[in-house]
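Have a look at the structure below before the remarks.
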């Protein structure tokens, strides 16, 4: 049975959805070979009037449990794709990463819904990558057809937090992912921890051997960045590159990216 605080939080979240009190931030991902902006990960944020900021790790499971994940996902996707158009009109071309819940994948028409929203908002499907946490992918072998339909529609699939679950290799072998995201737990001790260095390099080699893009999360130091470049990681995101940004600050961040990248890689 849900606790009283959970019930209160669910009611508050319902109100936030209904009254537009959620907002999106966007964390840049850059190519490690060139320093160019590759993609922006959309991240939902909620500030409850009395409790203050509520972490997604708290409200997303409640949304899944109480039937609110579908409206949250549709709101987030529409908000993000409209923002993509705003950036494009300002001359900023990029791609979008959007997190989805395994609960959403249980709906047979979910791939059609995502495609329909892309078409309605005139965003090419190949601009979109959907991210699933590795823990969430545990039951997804049964949803192979659903995931494959995303790939047929040109939508990419990333396995997030890679290395933190128990059936990673089987997931990669059987599911149609296009990208592997290395969890920040393995990145944080680079390059001083020998074991982490070996593990991260092995993950990158594994991704490349399977034809996948390798992305490192949680990059916070120049030393981590240099190591990841040396082992041919493809993409990086983290506070060293940028914290999650308000959408209207992205242009100014992007204008300084070339100079910032030069300083980081000298």
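Observations
- Rough spin-label spacing in nm, given labels placed 7 Å along Cα→Cβ, for residue 153 and residue 33: 3.0 nm
- Taking 0.36 nm per residue of separation and subtracting the current Cα-Cα distance, fully stretching the chain between residue 107 and residue 18 would add 29.8 nm.
- Computed from Cα positions, the angle between helix 194-209 and the longest principal axis of the chain comes to roughly 80 degrees.
- Summarising the label geometry, the points placed 7 Å from Cα in the beta-carbon direction at residue 119 and residue 257 lie 3.1 nm from one another.
- Cα gyration tensor shape for region 164-266, rounded if a/c is under 1.5, else prolate or oblate: prolate
- Among 143, 130, 228, the largest mean-square fluctuation in a Gaussian network model of the chain (Cα springs under 10 Å) belongs to 143.
- As a proxy for reagent exposure, 118, 233 were ordered by neighbouring Cβ count within 10 angstrom, fewest first; the result is 118, 233.
- Selected from 69, 199, 100 as most flexible by GNM, with the chain as the system and alpha-carbon contacts under 10 Å: 199
- Per residue, the chain reaches -13500 deg cm²/dmol at 222 nm when only DSSP H runs of four or more residues are counted, each adding -39500 (n - 2.57).
Since every read-out is calculated from the coordinates, none of them should be taken as a lab result. These figures come from a predicted structure and were not determined experimentally. Because the Cβ atoms are built from the backbone with ideal geometry, glycine has one as well, and the counts that use them run over all protein chains shown.
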